[in-house]
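One structure is given here, and the rest of the page talks about it.
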Amino acid sequence: MPYDSLRTYLDALEQQGLFKWVDKEVDNDWEIATVSRMIFRAMPEERRCGVGFRNIKGFPGGRVVAGVIASSKQMIASAIGCDATADSIHAKVIAGLEKPIAPVIVSTGPCKEVKITGKDVDLGKLPISIWTPGKDAGPYLTPLWVTKDPDTGRRNVGIRRCQVKNKDTTGILFGAPDRGGAIHHAKWKALGKPMPAAIFIGADPVQYLVAPSRYGEDEFAIAGGIRGQPVELVKCETVDLEVPASAEIIIEGEVLTDYTEPEGPFGEFTGHMAGGREGPVFKVKCITHRKDPIVLGVISQFPPSESSMLKVALLESNILKHLKSTLNIPGIADVHALEAGGCTSICWVSLKKMYSGHVDQTAMAIWGYMGMSYFKWLVVCDDDVDIRDPFMRDWVMAWRVRPDKDMRIIADTAMVELDPSSLEPGIAMQDTRGAKALIDATQKWEYPGISLPPRDMMERVAKEWESYGLPHLDKLNVPGRT
Ligand SMILES: Cc1cc2nc3c(=O)[nH]c(=O)nc-3n(C[C@H](O)[C@H](O)[C@H](O)COP(=O)(O)O)c2cc1C
Ligand SMILES: [Mn+2]
């Protein structure tokens, strides 16, 4: 059964030891972020958990949860109902992508329990944390933004940072101009109108899992497909948009299209601060929320983070489905977007090379689908290598690539979103250019055999391992075919 709200999900995580409430009093301006960060900086993935804060200085009764969507594969598996392996997560997501279920509109829901409009709107009443203390421009939400295409009426959901500037004003960052939300904003701007927008915070976890990818389809329908049940939406009070009925908090308003002001800096998924540039402004008209709302923060900033984990599962599934079932490219073994690159800068593909141009076709298909704001590095290697093993990736780079022949550069194209190596000062984000490299790390002829005992001998010994009385073996990871 899919979760109907953040709350039932948190209860389930707590029972599995994947979520803990902290009762010690904490400071919203530095301590929530710093405690949450430790989960990623000083814990192996297997022990990570989400954290809830319910004793926040200056916010009696206020609650903030962080790291509850994607701190580990185990957590993602709990969120979508599958095993905690990359293959199982991919299979579940792909099944959802292939059979989207349209959302249904219901008359009301818990997100409408409290309604605040006009002068009473005050974002300062919510405990909104500072995520890179001492460095961010102020408190930030990491909410899901809903907008509509003014030409087609098609809906879009995207996760985007949201700097709270005063009681009824926030910023929004369109990091790459080719994403759904950014295109909507450009279209509303061309019409000379502000863009109606609604933010939702804290819904069932699948909403968060689908939001960082790009589909050109309604994310609510994809979430429905993954959940196996439609998402229930309610109409907003002041804008012609729909949001999940079970959400914790809804913030409605308009993103201005004729005015900008400085936004950021904010600690970003690249591991660097980003911003302090001009950006659009969101004017809040109405807030509705549950009686005792929970503010959900997605831990992003330095990788690995919840943001990189979230993207790994979704982007890989999305790309695999595109290559294998939409384009029918043969021989695709695996796709792995590396968390160190925030899952948007470095991507590895393993395939069984079958014809001339197979590697290029695969790489161009990925850029063609995801867009040129993804993947500065695309490395394609043979399917005998486990591309999820960092040591094997280094080994491939060391011995299967001749840089002058096997690398192709696409110069002067879109940059990877927020790449500090491309973001020259003084150039507007949407005008910034970058470059891509395709590394063909497949064997160009049959390379000499692998300097390991023959595979059959190693498999035989592995089978009889206990008889040698030696410590436990992990999975046998051997490149080559023999
Ligand atoms: C935690 C998190 C925060 C993000 N913040 C932003 C952001 O501030 N601006 C942005 O353009 N993209 C951001 N992204 C990436 C977008 O979610 C991604 O570009 C997505 O494709 C946007 O959806 P859309 O293409 O439907 O507009 C963020 C992703 C995550 C996981
Ligand atoms: Mn979208």
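Where a number appears in this text, it was derived from the coordinates with a stated rule and is not lab data. Given the structure is predicted, the values throughout are model-derived calculations rather than measurements. Note that we place each Cβ from the backbone using ideal geometry, even for glycine, and neighbour counts take in every protein chain shown.
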### Task
Kindly put Leu141, Leu310 in sequence by how many other C-beta atoms sit within 10 Å of each C-beta, fewest to most.
Leu141, Leu310
### Query
In deg cm²/dmol, rounded to 500, what helix-only [θ] at 222 nm does the chain give when every DSSP H run of at least 4 residues adds -39500 (n - 2.57) and the total is split over its residues?
-7500 deg cm²/dmol
### Query
Mind listing the phi-derived Karplus ³J(HN,Hα) values for region 409-426, rounded to whole Hz, using 6.51, -1.76 and 1.60 with θ = phi - 60°, and x for any glycine or proline?
9, 9, 8, 6, 10, 4, 8, 5, 2, 6, 5, x, 6, 10, 7, 5, x, x
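Order by neighbour count: Asp440, Asp258, Asp122, fewest other Cβ atoms within 10 Å first, most last.
Asp258, Asp122, Asp440
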### Query
Under the definition of Cα pairs under 8 Å and six or more residues apart, what whole-number percent is the relative contact order of region 1-130?
25
### Query
Under the classification rounded if a/c is under 1.5, otherwise prolate if a/b is larger than b/c and oblate if not, where does region 378-420 fall, given a ≥ b ≥ c as square roots of the Cα gyration tensor eigenvalues?
oblate
### Message
Eigenvalues of the Cα gyration tensor times 5, then square-rooted: what semi-axes does that give for region 181-251, in whole angstrom, largest first?
### Response
23, 16, 10
#### Entry: Distant-in-sequence amide H partners of Leu144 (H built 1.01 Å from N, under 5 Å)
Phe200
### Message
I'd like to compare 278-287, 469-478: which one has the highest average count of other Cβ atoms within 10 Å, and what's the full order after that?
### Response
278-287, 469-478
### Summary
Check: C-alpha center region 244-298 vs C-alpha center region 1-35, spacing in Å is 21
#### Entry: Long-range HN-HN contacts of Val281 with modeled amide H, under 5 Å
Leu256
## Note on the structure
For region 26-93, averaging the sequence separation of alpha carbon pairs under 8 Å that lie six or more residues apart and dividing by its residue count, the contact order in percent is 22
## Note on the structure
For region 50-61, in residue order, the Karplus 3J(HN,Hα) values (coefficients 6.51, -1.76, 1.60; θ = phi - 60°; whole Hz; Gly and Pro = x) are x, 10, x, 10, 10, 9, 9, 3, x, 10, x, x
### Task
Report ³J(HN,Hα) in whole Hz for each residue of region 374-379, in order, from the Karplus equation J = 6.51 cos²θ - 1.76 cosθ + 1.60 where θ = phi - 60°; Gly and Pro get x.
10, 6, 5, 10, 10, 10
### Message
Using a 10 Å cut-off around each Cβ, can you sort Leu144, Leu233 from fewest to most neighbouring Cβ atoms?
### Response
Leu233, Leu144
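Mean separation of Cα pairs under 8 Å and 6+ residues apart, divided by the residue count of the chain: what relative contact order is that in percent?
This gives 14 percent for the chain.
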### Task
Please tell me which of these pairs span more than 25 angstrom C-alpha to C-alpha: Lys112/Lys148; Lys99/Lys376; Lys112/Lys187; Lys73/Lys324; Lys92/Lys324; Lys73/Lys321?
Lys99/Lys376; Lys112/Lys187
### Query
What per residue convex hull volume, in Å³, comes out for region 6-297 when only alpha-carbon positions are used?
128
### Task
Treating cross-link reach as a plain straight distance, find the lysines whose alpha-carbon is under 26 Å from the alpha-carbon of Lys463, omitting any fewer than eight places away in the same chain.
Lys475
### Summary
Note: region 327-441 at 37 °C, 0.692 mPa s; Kirkwood Rh on alpha carbon pairs; Stokes-Einstein D in µm²/s works out to 223
